[in-house]
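Taking it in order: structure first as structure tokens, then the write-up.
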Amino acid sequence: MSAFAAVIRKDLRLELRGGQSILALLAMSMLVLVVLVFALDAARIRSADTAAGALWVAMVFSGIVGATRALGAERENGAIRGLLLSPLDPATLYAAKLAAAFIFMAVAEAGAVILMVLFFNLEFNASLVRLAPVLMLGALGFSALATLLSAATGHTRAGDMILPVLAVPMFTPALIAGVKASTAALSGASLGSMSDWLKIMIAFDVLFITAGYLLFEHVVGED
Amino acid sequence: MDTATRDYLTPDPLPSVSQTRGKGNNRGSWFGFATLALMIAALFMIFDYVPTEIDEGIVQRIFYFHVPCAWVAFAAFGLVAVAGMLYLWLGDQIWDDLGYAGAETGMIFCTLMLVSGSLWARPIWGVWWTWDSRLTTTFILWLMYCGYLMIRASADDTPQIARFAAVVGIVAALDVPIVIVSVRLWRTIHPAVLVTKQGGHGLQDPRMIATLLVSLAAMTALWGWLLMIRFAQLRTRTRLNTVAMQIEFAHAAAGDQRPIG
Amino acid sequence: MSAPVVETHALAKTYRLAPVLREVNIRLMAGRGAFIIGGNGAGKSTLLRILAGLEAPSDGRAIVFGNDTRKLGPRYRRRIGMMAHQSFLYPNLTARENLEFYAELYSIADPVAAASLWLERVGLAGSADARVRDLSRGMEQRLSAARAMLADPTLLLLDEPFAALDAEGVSLVASLIHSAIERGASILATAHSVPELDGLEFEVFELSHGRLMPYAPKEEVRRGGRFRSILGR
């Protein structure tokens, strides 16, 4: 357990020392939102649909960028080998990496939500409180998926194209459910009314966290 | 620490030429002829035997291609996942070869399903593509096939890549049920003529059911035949690699001092 | 007659059909040390990585602490310490933070104290709070040695441990190796050429064309050079 905490603490510390993961996530989110404002001419409308959709587009693309950089810190000086060599078991390493990725994504999403409210003519009200759990479930699922996939994408020649090609279709159920639930939340609906969508997101998260936990050992490392 | 050498075990003897002919090839040809027969039967039934459907007219006959392709695409994906699990568990290259062959052949049928779906949608609904639940799900499946094949195509065939592909195959297959549920909840405008979960279907005439079943058998046979061929190719490639390594080790045992690389 | 700490049987490794290691047979007993000499690309690093369980052999077996290296459990990995070309250190963390992190990974009881102790031992107490990226190559190498040894491993796999070290650093690492052997650890180290180490009894082997054989530099013997080697056996 303490090794798990040590890895998370190490990643958080590295981030505070100029890791720039959260910064990259936020920057990408903002850029995507800006592009969408112009692409959808959002200036003249006030719509929960559009805002929720834009937010999730920003989340997916910034998440991909973030994941591509994620294992970079471990590649410097071969630190990943130091981890694999140690008594730390790969499943625990996965859990720790997942937790760190989730924290970064959650922080960046908070920033993205603020931008969304500003750019898409919404209000800072209680609907954001109902939005929060939806976004957390989404970030958790995406982090689980991306942590598992990005561990191995470094070995392929396709480089950074392969992560989005894999991640986007696999993330679709959470994306569909997330946008629907987010729209409902922003429109003032209760969490109970979107329970179907939430159940899908929870199932998605459980599936990918479990799969990642069990399968990470097969993809991490170099042979 | 000592470095005593030991007797090196002789590598597996290569099969003689006469052994490579015969069995495998004969089995393949038999299966190929059976597939051909089934396909001819299916084509006859689709274009001549089965009555024209009332609502959609002649175009509806695409249904008898479209649905079996879908079945094969999903079944192939299941095979990729199972082969992946066996590969990770047992480590034998044969499972990796099977998974790869399954993905390549399954991709063909997934693409055919999308194309036939599009050809069907155009006359019926007036658009080239529609995001109804079944087409959407298949498209996502198609994208996952693309990702799997991209992994394979983009790197050399190391055990590492094979493991990555296996993991992706497993996770994607586990994801498919969630995709189906979420997409179905999201949208449904597919005509009720297809077999639905309740078990009912819009196929009024028993000849339609028969045609569908024969077409299903034909498509599955076609897939099986392509799978066998591709699988055999990959097995041969694996064996060649093994033999090359064994030659290398035999040189080593004979005291070969050739430099590395 | 106890079991060897490290054993390999006809170990071989090929990368994409190009052989790197051919038929390597090793038996290393507890408390013994050996140096493996070889040029660049000779396969020394590959051999150590296989023994550490980081890579799998293409053929043959590697057995460490009685277990196949492909299935080394955490209990055994705790007893291995490794130094490589890469330091396995995080450039943006300080020397102290790196050691504390590894101490926690290896379940050492008091990681803070252990980190301080080892910083002293490798002469980096003054740079304890400097980031690794700001350390010189030699200092990073010393820190890497501390990282490798802080869990008191019984098997040390050292890939060119004296690279980038000045004379003081070399004698420091040599004395650490010496203490480790006195504690009963086994050492397998590699180098480009035979290191000049007083007070260390090592067997020297050469990895050439992927094969491991006793090191027999006839010129040095004739010149009466200062190295210890047990030829033949």
Can you give the % of DSSP beta bridges in the protein assembly as shown that are antiparallel, to the nearest 5? 55 percent
Quick query: amide H of C:Leu212 versus all other amide H atoms, modeled in the peptide plane; which residues come in under 5 Å with a sequence gap of 5 or more or a different chain? C:Asn25
Residues with amide H under 5 Å of C:Ala128's amide H, sequence separation 5 or more or different chain, H placed in the peptide plane at 1.01 Å from N; which? none
Please work out how much length the chain gains when fully extended from C:Ser116 to C:Arg137, using 0.36 nm per residue of separation minus the C-alpha to C-alpha distance, in nm with one decimal. 5.5 nm
Sorted by chain and number, the residues with a modelled amide H under 5 Å from that of C:Gly33, at a separation of 5 or more or across chains, are C:Ile187, C:Glu203
Within segment A:116-142, list the residues whose amide N lies under 15 Å from a label point set 7 Å along Cα→Cβ of A:Val35. none
Contact order normalised by residue count of chain A, Cα under 8 Å, 6+ apart, percent: 28 percent
Mind pulling the angle between the C-alpha long axis of helix C:95-105 and the longest principal axis of chain C? Nearest 10 degrees, somewhere in 0 to 90. 70 degrees
Taking chain C and dividing mean pair separation by its residue count, relative contact order in percent (alpha carbons under 8 Å, at least six apart): 27 percent
How much length, in nm to one decimal, is gained on full extension between B:Trp30 and B:Thr111, taken as 0.36 nm per residue of separation minus their Cα-Cα distance? 26.5 nm
FRET E, pair A:Met161, C:Arg16, Förster distance 25 Å, beta-carbon r, rounded to 0.05: 0.60
Förster radius 51 Å - calculated FRET efficiency between A:Ala132 and B:Leu90 (Cβ-Cβ, nearest 0.05): 0.70
Length added when fully stretched, B:Ala244-B:Phe47, from 0.36 nm per residue minus Cα-Cα: 65.8 nm
Per-residue ellipticity at 222 nm for chain C, helices alone: DSSP H runs ≥ 4 residues times -39500 (n - 2.57), over residue total, nearest 500 deg cm²/dmol? -9000 deg cm²/dmol
On Cα atoms only, tilt of C:111-121 relative to the major axis of chain C in degrees: 70 degrees
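A short reminder: the numbers here are calculations on the coordinates, not readings from a lab. None of the values given here were measured: they were computed from a predicted structure. Reconstructed Cβ throughout: ideal geometry from the backbone, glycine too, with neighbour counts over all protein chains shown.
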